[in-house]
Amino acid sequence: MRASLIAHSPDVAAIPVHAVDRDEAQTVLQGLGARAEAFAAASGFDGAAGQLLLVPGAEGALAAVLFGVANAAAPGFAVGDLARKLPGGDFRLEIAAEAQEEAALAFALGSYRFERYRKPSTRSVPRLMVGEGVDLERVGLILDGMTLARDLVNTPASDLGPAELCDAAQRLFADHGGRVRVIEGEALLAEGFPMVHAVGRASDRAPRLVDATWGEEGHPRVTLVGKGVVFDTGGLDIKPSSAMALMKKDMGGAAAVLALASMIMAAGLPVRLRVIVPAVENAISGASFRPGDVLPSRKGLTVEIGNTDAEGRLILADALALADEEEPEILIDMATLTGAARVALGPDLPPFYTDDEAFAAELADHATTVRDPLWRLPLWRPYESYLESRIADINHINTSGAGFAGSITAALFLSRFVEKARVWAHFDIYGWNPADRPGRPLGGEAQAARALFSLLAARYPGN
């Protein structure tokens, strides 16, 4: 983590930052003196959430900062806004010790900038000074994972093809002493990944599958599968231009599992980690797979293609079948899979699916605690009838004609490729912040990664 963001420096002369709500603003101002009260009144500051007041001292230098939040006792991720609003310098947040670690993480996440294609900013950045009780190593490893995912999602497809996505996975695992195998192009057919090959064969950038491992064989097996569609035209069922504009983020599931893997390895969790990423571009050419085609799969099921714009679940199905073969204790897949999930829950609340009640309850608690919101939707088995095919074992989209339950039927399709894992959970994420929010800048986001890391760190604590 950059030292310019957060540090343990109790002896540094830092400017105090008071998180206040409307009930406390006047009390804090009174403590700062009549000059501060008059300045606040002239500035229209009353402690409303999001307001910022830079209070000058007698000599004109900055003496204190007041920051309006909804609840001064628990400012939460609102602190992330300070990373963009404060001027350069050292600042000390005046909040309870038990709230400081969350505030430090929010501040760090709010400091993110994607500057690959822009001149580096010359702005002097603020630094947050925190108490010795804040675990800066944990904050840093979460920040590193989230930054990796954000950078990957924000990079346009011109510079992030299947090869570059695989390279990112290889660098990550090499940094932590892991092992990576990449299967490329026609070798996918020889090694039993026909649907990954079919989806990616139309592009002049060959499809690939990353299979990476880390940790000791005797440890519990935790396997992560991420959808790595680096760009999705929709294939022959081509998307309209309005729906194609953000399709560089269609590898957001792969980015999220790499973020989670980064956290797991950096924390040294005692697990045997495996990450599988099918990396493809869903392009259009004479080699494109077609609506009505019947594809074989690694699982042995034949799949009728109802729409080539539902390609993500096809590559995930082959990857999940591979993951399931070694019977992992926990199998998680993450994908920017359906627009139906966003219609149901919006961009900020990803649904997840699992039949394991204990896992679902545990994950919901961790998601709330770390403010990484998730919502469980049902694997409603009666809807499996929507996936029936007259010519193959299964269709990969809803064939009822009504268009109902798009996210649920996608999850049900994937469930047909998982049998042996003790716990399986599917996450239908958006992978993008559509607007700037505290700690969550506009752009790529590794939704669900922090909640899952919190759960795994609690289940498998390190030394």
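The values are calculated or read from the model by the stated rules, or taken from the named source; none is laboratory data. All values derive from a computational prediction rather than experimental measurement. Positions of Cβ are generated from backbone atoms using ideal geometry, with glycine treated the same way; all protein chains shown enter the neighbour counts. Keep in mind that these areas ignore ligands, DNA and RNA; they rest on the heavy atoms of the full protein, side chains included. Shrake-Rupley method; radii C 1.70, N 1.55, O 1.52, S 1.80 Å.
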In the chain, what percent of the accessible surface is made up of carbon and sulfur (1.4 Å probe, ligands and nucleic acids excluded)?
51
Descending Cα extents along the principal axes, the stretch 13-165, whole Å
62, 33, 28
For the stretch 100-249, taking Cα atoms only, what is the radius of gyration to one decimal and the Dmax to the nearest whole Å?
19.2, 57
Could you state the angle between the C-alpha long axis of helix 22-32 and the longest principal axis of the C-alpha atoms of the chain, as a value from 0 to 90 degrees rounded to the nearest 10?
40
Nothing charged except the Cβ atoms of Lys and Arg (+1) and of Asp and Glu (-1): what's the magnitude of the dipole of the chain about its Cα centre? Round to the nearest 20 debye.
920
Which value in deg cm²/dmol, rounded to the nearest 500, describes the helix-derived mean residue ellipticity at 222 nm for the chain, given -39,500 (n - 2.57) per DSSP H run of n ≥ 4 and division by the residue count?
-10000 deg cm²/dmol
Rounded to the nearest 10, the angle in degrees between the Cα long axis of helix 312-324 and the longest principal axis of the Cα atoms of the chain comes to 80
Around LEU188, with a cut-off of 13 angstrom between Cβ atoms, what is the net charge of the other residues, counting Lys and Arg +1 and Asp and Glu -1?
-1
Selection of GluC sites (Glu not before Pro), the stretch 131-170, meeting DSSP coil and at most 13 other Cβ within 10 Å:
GLU132
Based on the mean of other beta carbon atoms within 10 Å per residue, what is the order of 87-96, 229-238, 320-329, 112-121, most packed first?
229-238, 320-329, 87-96, 112-121
Take the alpha carbon gyration tensor of the stretch 323-463, find the square roots of its eigenvalues, order them as a ≥ b ≥ c, and report rounded if a/c is under 1.5; if not, report prolate when a/b exceeds b/c, else oblate.
oblate
Let me check I have the definition right: for the stretch 146-212, take the eigenvalues of the Cα gyration tensor, multiply each by 5, take square roots. What are those semi-axes in whole Å, largest first?
22, 17, 8
Alpha-carbon Rg/Rh ratio, for the stretch 220-279, with Rh computed the Kirkwood way:
1.16
Consider all pairwise Cα distances in the stretch 92-189 and report the whole-number % of them above 17 Å.
66
Relative contact order of the stretch 248-325 (C-alpha contacts under 8 Å, at least 6 apart) in percent is 24
Taking Rh as the Kirkwood radius computed over C-alpha pairs, what is the Stokes-Einstein D of the chain at 10 °C in a medium of viscosity 1.306 mPa s, expressed in µm² per second?
68
Please list 3J(HN,Hα) in residue order for the stretch 386-402, calculated via the Karplus relation 6.51 cos²θ - 1.76 cosθ + 1.60 where θ = phi - 60°; whole Hz, with x for glycine and proline.
5, 9, 5, 10, 7, 10, 9, 5, 7, 9, 8, 10, 5, 9, 6, x, 9
Three principal axis lengths of the stretch 257-411 [C-alpha, angstrom, descending]
46, 30, 28
Computed over all unlike Cα pairs, the Kirkwood hydrodynamic radius of the stretch 1-99 in Å stands at 13.9
Kindly rank 441-452, 194-205 from highest to lowest mean number of other beta carbons found within 10 Å of each residue.
441-452, 194-205
Selected from LEU62, TYR383, VAL257, residue furthest toward positive end of dipole (the chain; charges at beta carbon)
LEU62
Karplus-derived 3J(HN,Hα) from phi for the stretch 236-250 (6.51 cos²θ - 1.76 cosθ + 1.60, θ = phi - 60°), whole Hz, x at Gly and Pro, runs 4, 7, 5, 6, x, 4, 5, 8, 8, 4, 9, 6, 5, 8, 6
Table column - 3J(HN,Hα) (Hz), the stretch 424-431, Karplus curve with 6.51, -1.76, 1.60, x for Gly and Pro
10, 9, 10, 10, 9, 8, 8, x
What angle do you read, to the nearest 10 degrees and between 0 and 90, between the alpha-carbon axis of helix 100-110 and the longest principal axis of the chain?
70
Out of the DSSP beta bridges found with both residues in the chain, what percent are antiparallel (nearest 5)?
40
Identify the residues of the stretch 86-106 with backbone N under 16 Å of a label point that sits 7 angstrom from the Cα of THR369 along the Cα-to-Cβ direction, or state none.
98-103
Taking N as the number of residues in the stretch 186-242, what is its alpha-carbon radius of gyration divided by 2.2 N^0.38 Å?
1.51
If each of GLU186 and ALA358 carries a label point 7 Å out from its Cα toward its Cβ, how far apart are those two points in nm?
4.9
Go through GLY110, THR155, TYR460 and say which Cα lies farthest out towards the positive end of the charge dipole of the chain; charges sit on Cβ, +1 for Lys and Arg, -1 for Asp and Glu.
THR155
Per residue, in Å², the accessible surface of the chain once ligands and nucleic acids are set aside, probe 1.4 Å
40
Per residue convex hull volume, Cα atoms of the stretch 194-310, in Å³:
108
Largest first and in whole Å, give the semi-axes of the stretch 333-389's equivalent ellipsoid, each being the square root of 5 times a Cα gyration tensor eigenvalue.
23, 16, 8
Rank THR302, GLY443, GLN170 by how far each Cα sits towards the positive end of the charge dipole of the chain (+1 on Lys, Arg Cβ; -1 on Asp, Glu Cβ) and give me just the farthest.
GLY443
Space enclosed by the convex hull of the alpha-carbon atoms of the stretch 398-463, per residue, Å³
143
